[in-house]
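Participant: Below: one structure in structure tokens.
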Amino acid sequence: MPIGVFDSGLGGLSILAALQKKLPDQAFIYFGDNANAPYGPKDSDEIFALTTAACTRLFDMGCDLVIIACNTSAATALHKLQTEWLPKGKRRVLGVFVPMIENLTRRNWGDNAPPTHTGLANVALFATVATISSGAFPRELKFRARDVLVEGQACPGLVDAIEAHDEAGARLLVNRYVGAVLERFPKPQAAVLGCTHFPLVRDMFAAALPPETRLIDQPDIVADSLADYLARYPHFAETGTTRYLTSGDEAAVSAGAARFLGRDARFAAL
């Protein structure tokens, strides 16, 4: 069966590219909800409704495993989706948040032991307004790691600049948001790019942050996590190709995706 990969727009292509590199024979269906992007400024009820609608579409196309490659959806909607909405049975929905927490704390998600000192003392989180407002990242992190200070920085406008391929505008915003964090938190031990768009401007974040700050983005972490998951649950794997679907204008989205990926990705309307 194909594995569904869902994002509010084009940012999830950074995750998909890493998945394709790690699992070159796996069949994927990528769905970008470009007609409703961006999700970051939306309230939690709307994000939940859009996320469950997207998962339903992918389920209907035969995807029994869906990866929510959108931090806003994962932070805001995933827990409720898994505990209250997801129909009981063989289908699964996973998010990109969990692998990042596991990587930071060096603890598997199923490890329910009390929080411990992991060597992690402080973290800067750059994400959308909705992700920061959800409080999901510091909450989940502190379940596993003791005495960790999290400094969250919402980055409104950065997703729009990235999708518009506005390099100068994106750099200006990155410098502004990193500067705001460093005023409050001069030497973060780690900095997390908590939006799947942000790895596309990773070099900008790296240039703006102190050289000793460990910069963490998600694509390779998520790809390694999915490979491990499929090794444990091989019935979700299927050999095949990738289909690209969008709720937006397929020509415009295809053009934007080509800029993101550096190669053609032909989207069809869904």
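Participant: Please verify whether TYR233 is more than 20 Å from THR131 (Cβ to Cβ), modelled with pLDDT under 95, within 19 Å of the chain's Cα centre (by Cα) and not charged (D, E, K, R), treating the condition exactly as stated. Explain how you work it out, then say what you get.
Facilitator: On the way: more than 20 Å from THR131 (Cβ to Cβ): yes; modelled with pLDDT under 95: yes; within 19 Å of the chain's Cα centre (by Cα): no; not charged (D, E, K, R): yes.
No; evaluated as a whole, the condition is false for this residue.
Participant: Here's something else I'd like to know. Any idea which of (1) more than 15 Å from the chain's Cα centre (by Cα); (2) part of a helix (DSSP H, G or I); (3) surrounded by fewer than 23 Cβ atoms within 10 Å (Cβ to Cβ) is the one LYS88 doesn't satisfy?
Facilitator: (2)
Participant: Against the conditions (1) of a type in the set (Ser, Thr, Tyr); (2) assigned by TED's automatic domain parsing to the domain that holds ARG259; (3) closer than 23 Å to ILE221 by Cβ, where does THR83 fall short? Just the number, please.
Facilitator: If we test THR83 against (1) of a type in the set (Ser, Thr, Tyr); (2) assigned by TED's automatic domain parsing to the domain that holds ARG259; (3) closer than 23 Å to ILE221 by Cβ, just (3) comes out false.
Participant: Let me ask something else. Looking at (1) outside the structural domain of PHE31 (by TED's automatic domain parsing); (2) surrounded by 15 or more Cβ atoms within 10 Å (Cβ to Cβ); (3) touching a strand residue (DSSP E or B) at 6+ places or on another chain (Cβ under 9 Å), which one does ARG184 not meet, given that it meets all the others?
Facilitator: (2)
Participant: Does VAL201 fit the bill of being of a type in the set (Val, Ile, Thr) and touching a Pro at 6+ places or on another chain (Cβ under 6 Å)?
Facilitator: The answer is no for VAL201.
Participant: Going residue by residue through the stretch 227-235, is there one that turns out to be at positive phi and free of Cβ contacts under 8 Å to residues at least 40 places away in the same chain?
Facilitator: no
Participant: Scanning the stretch 134-161 for residues that are touching a Phe, Trp or Tyr at 6+ places or on another chain (Cβ under 8 Å) and under 13 Å from GLY11 (Cβ atoms), which turns out modelled with the lowest pLDDT?
Facilitator: Here the residue is LEU158.
Participant: Quick check, is ALA180 in a helix (DSSP H, G or I) and modelled with pLDDT of 90 or more?
Facilitator: So ALA180 fits the description; yes.
Participant: Given the conditions (1) within 30 Å of GLY152 (Cα to Cα); (2) part of a helix (DSSP H, G or I); (3) touching a Lys or Arg at 6+ places or on another chain (Cβ under 9 Å), which single one is not true for PRO188?
Facilitator: The number of the failed condition is (2).
Participant: Another question about this same structure. Restricting attention to the stretch 1-34, which residues are of a type in the set (Ser, Thr, Tyr) and either outside the structural domain of GLU250 (by TED's automatic domain parsing) or assigned to a loop (DSSP other than H, G, I, E, B) (or both)?
Facilitator: If the condition is that a residue be of a type in the set (Ser, Thr, Tyr) and either outside the structural domain of GLU250 (by TED's automatic domain parsing) or assigned to a loop (DSSP other than H, G, I, E, B) (or both), then SER8 is the only one that fits.
Participant: Is it true that some residue in the stretch 207-216 is exposed (fewer than 15 other Cβ atoms within 10 Å of the Cβ) and in contact with a strand residue (DSSP E or B) (Cβ under 8 Å, 6 or more places away or on another chain)?
Facilitator: Going residue by residue through the stretch 207-216, those that are exposed (fewer than 15 other Cβ atoms within 10 Å of the Cβ) are 207, 210-212, 214.
From what is left, the residues that are in contact with a strand residue (DSSP E or B) (Cβ under 8 Å, 6 or more places away or on another chain) are 214.
Within the stretch 207-216, one or more residues are exposed (fewer than 15 other Cβ atoms within 10 Å of the Cβ) and in contact with a strand residue (DSSP E or B) (Cβ under 8 Å, 6 or more places away or on another chain).
Participant: Shifting gears a bit: Restricting attention to the stretch 217-270, which residues are among the aromatic types (Phe, Trp, Tyr) and surrounded by 16 or more Cβ atoms within 10 Å (Cβ to Cβ)? Lay out the reasoning, then the answer.
Facilitator: Pass one, the stretch 217-270, residues among the aromatic types (Phe, Trp, Tyr): 229, 233, 236, 244, 260, 267.
Passing the criteria: TYR229, PHE236, TYR244, PHE260, PHE267.
Participant: Please enumerate the residues belonging to the stretch 146-173 that are under 18 Å from the mean Cα position of the chain (by Cα) and part of a helix (DSSP H, G or I). So that I can check it myself, show each step before the final result.
Facilitator: Filtering the stretch 146-173 down to residues under 18 Å from the mean Cα position of the chain (by Cα) leaves 152-163.
Selection gives LEU158, VAL159, ASP160, ALA161, ILE162, GLU163.
Participant: Could you look through the stretch 38-85, keep only residues that are of a type in the set (Asp, Glu) and not in a helix (DSSP H, G or I), and pick out the one that is modelled with the highest pLDDT?
Facilitator: Once the filter is applied, the top-ranked residue is ASP64.
The values are calculated or read from the model by the stated rules, or taken from the named source; none is laboratory data. These figures come from a predicted structure and were not determined experimentally. No Cβ is skipped: glycine too gets one built from the backbone with ideal geometry, and neighbour counts run over all protein chains shown.
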